[in-house]
Amino acid sequence: MVGRKVPINFDTYGHLYFAKEVKEQKTGPCDKIQLRVIGNDGLSNPFLWQWIIALLPIDQVLKYQKWINPILDSLFTVFIYFISTKIGFSQKDAIFISALYIFTPMWFSNLSMGPRVTSLTPRLFSEIGTNIFFIVTIIPLELHYLIVLSIGIVFSFLVILSSKFSLQAIILLTPIISILSHNIYPTISLLISLVLCVVLFRRRFIDILLHHLKHLIWYYKENLNGAMPVSNRNSFHKLFGSLDKHNGFARKVMAVIGRMLSGNSYTGVLFKMQILPIVLSIYFNIKVNIDILIPDHFIIPVVGAVIIFLIVNIPRFLFLGEAERYLNHIAFFIVASLVFLSNELNMMWIVIYLLGFGFLYWVFESFILANIIPNKNAIQRISDDIVLYLQNINKKTIILSYPYHAIGVWRLMLETAHKVIFANLDDIRKGKSNTNWYADNYPYVKLDVIDKMHDELGVNVLIIDNKRLERRYIGWRPSTLWTKLEIGTPFFTVYEISE
């Protein structure tokens, strides 16, 4: 319901474009794919999720993409119910656990960097897979240890090959959860899966690891220099700065609330995952004051994930991604711990409160937010017009989007036959230094070299996001080489060079 009117986003187009290339290039889950990016020498990523998607008609996946992850999440919710009853919860408590998972805003909200349900990416797939991995390997399910290891190997294998972030998440979470819980099954399963990946895919998997390591080193250096969008993610200034751009008190308040929900890990958790600080406060209070024991197999994965959350939020380590995403990988343990503790302390009103808050939040995003931010669907319609125009261009065209999210480089490659400029994937020009002459802070290029980009790279279409341009180049116009087209207004300005 939350995502019923949400336009397809940047990341969804990207992963569907990867799936399209996997299908057309007939590659496997660990093979490099060639991208229609100027200067690109291929991309080494874990592509298992895209390989599975590529088994379906890509145009039909694009058409029905908004339903795929909600269906997957619904199936996981049913799994949560049945696994809860198996490990000793009553049917009523199992329903509470499932309902808390559904109505915890962090797990359905669109106000985040890459929504997990309404955006069709490997994110939800890997988070569910990691939850099941830890459920099987940590919770005593009365299964033979070989079955535990086998299931653990299968799910860690799926997670490792889903995306670079999921690979990173399971590698960071597993050792600390294994150590704290005194349980070697997660670590053994993960190690066997890594060995299996090397045996099955050999150099191709090693290349993925090396490529990701190289990317992390670059991201680390850029983050230290404050050049990445996440570099000031949790800063006080980012929450309350630049409010003069918003007219009226109400708009200023909404701007701050939006930043707190989507641009700050700590406030995001406090508002969208209230269940976590409640679980932690109850747990540490009873350890000190009350003789109530919660099974380690519920609470230890929560504690382990919170430690990773806190480490990743240290400014130096922000390059490791949005810290709250690590918490999503143990979502079941958070809700199971809350219901267990609420039962033991006769405080089920906490569960009712959280469900009520989550429901009101769901109503807000589903029925009110679209009226507060009305331009998204209008922008989508204008974007469709520009894409249609580009589809009708028969000549070789190289497109520059400013920033890369203007229409979206991935959408342009997915839905047109043209090439794009994307500095991060221009291997020829960035070389070993990971920099090139036209790149600016992500997601921008240096517009003062646009004519040189035409001469040396062949750029002949320029798409400008007008709002983003105003923030960086007041009054900028291209040279007389460029002709302004009568499409895109009021959100975009489109230029073309006719030769």
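Worth a mention:
- From the list Lys221, Lys252, the one residue that fits, being among the charged types (D, E, K, R), closer than 22 Å to Ile308 by Cα and not in a loop (DSSP other than H, G, I, E, B), is Lys221.
- When we screen Gly14, Gly39, Gly28 for residues that are farther than 19 Å from Ser163 by Cα, outside the structural domain of Arg204 (by TED's automatic domain parsing) and touching a residue at least 40 places away in the same chain (Cβ under 8 Å), the only hit is Gly39.
- Among (1) without any contact (Cβ under 8 Å) to a residue 24 or more places away in the chain; (2) exposed (fewer than 14 other Cβ atoms within 10 Å of the Cβ); (3) not in a helix (DSSP H, G or I) - the single one Ala227 does not satisfy: (1)
- Residues of the stretch 40-71 that turn out to be more than 12 Å from Pro29 (Cβ to Cβ) and part of a helix (DSSP H, G or I), as a count: 14
- Count of residues meeting criterion [assigned to a loop (DSSP other than H, G, I, E, B) and small (Gly, Ala, Ser)] in the stretch 417-456: 1
- Every test in (1) outside any helix (DSSP H, G or I); (2) in contact with a Gly (Cβ under 8 Å, 6 or more places away or on another chain) is passed by Ser166 save one, and that test is (1).
Okay, residues lined up against (1) surrounded by 15 or more Cβ atoms within 10 Å (Cβ to Cβ); (2) under 13 Å from Gly14 (Cβ atoms); (3) in contact with a Pro (Cβ under 9 Å, 6 or more places away or on another chain); (4) not acidic (Asp, Glu):
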{"site": "Leu390", "(1), (2), (3), (4)": "yes, no, no, yes"}
{"site": "Ile393", "(1), (2), (3), (4)": "yes, no, no, yes"}
{"site": "Thr397", "(1), (2), (3), (4)": "yes, no, no, yes"}
{"site": "Tyr404", "(1), (2), (3), (4)": "yes, yes, yes, yes"}
{"site": "Arg411", "(1), (2), (3), (4)": "yes, yes, no, yes"}
{"site": "Thr416", "(1), (2), (3), (4)": "yes, no, no, yes"}
{"site": "Ile421", "(1), (2), (3), (4)": "yes, no, no, yes"}
{"site": "Gly431", "(1), (2), (3), (4)": "no, no, no, yes"}
{"site": "Tyr438", "(1), (2), (3), (4)": "yes, no, no, yes"}
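Conditions tested, residue by residue: (1) under 21 Å from the mean Cα position of the chain (by Cα); (2) assigned to a helix (DSSP H, G or I); (3) surrounded by 20 or more Cβ atoms within 10 Å (Cβ to Cβ); (4) outside the structural domain of Ile97 (by TED's automatic domain parsing).
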residue: Ile334; (1), (2), (3), (4): yes, yes, yes, no
residue: Ser337; (1), (2), (3), (4): no, yes, yes, no
residue: Leu341; (1), (2), (3), (4): no, yes, yes, no
residue: Leu355; (1), (2), (3), (4): no, yes, no, no
residue: Phe367; (1), (2), (3), (4): no, yes, no, no
residue: Ile382; (1), (2), (3), (4): no, yes, no, yes
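- Residue in the stretch 312-323 that is closer than 30 Å to Ile33 by Cβ, outside the structural domain of Lys484 (by TED's automatic domain parsing) and of a type in the set (Asp, Glu) present: yes
- Filter result for Arg429 (closer than 19 Å to Ile407 by Cα and of a type in the set (D, E, K, R)): no
- In the stretch 101-116, the residue that is farthest from Ile299 (Cα to Cα) out of those that are of a type outside the set (Ser, Thr, Tyr) and at pLDDT 90 or above is Phe108.
- Pairs with Cβ under 9 Å, 6+ apart, first in the stretch 118-143 and assigned by TED's automatic domain parsing to the domain that holds Ala331 and over 16 Å from His297 (Cβ atoms), second of a type in the set (Lys, Arg) and not in a helix (DSSP H, G or I): Thr118/Arg4; Arg123/Arg116; Leu124/Arg116; Glu127/Arg116
- Residues of the stretch 144-153 satisfying the condition of being without any contact (Cβ under 8 Å) to a residue 12 or more places away in the chain and either outside the structural domain of Leu172 (by TED's automatic domain parsing) or outside any loop (DSSP other than H, G, I, E, B) (or both): Leu146, Ile147, Ser150
- Of all residues in the stretch 277-329, those being basic (Lys, Arg) and buried (at least 20 other Cβ atoms within 10 Å of the Cβ) number 1.
- Any hit, the stretch 50-65, residues being at pLDDT 95 or above and within 16 Å of the chain's Cα centre (by Cα): yes
The values are calculated or read from the model by the stated rules, or taken from the named source; none is laboratory data. Worth saying up front: this structure is predicted, and the values here are computed from it rather than measured. A quick note on method: Cβ atoms are made from the backbone with ideal geometry, for glycine too, and the neighbour counts reach across all protein chains shown.
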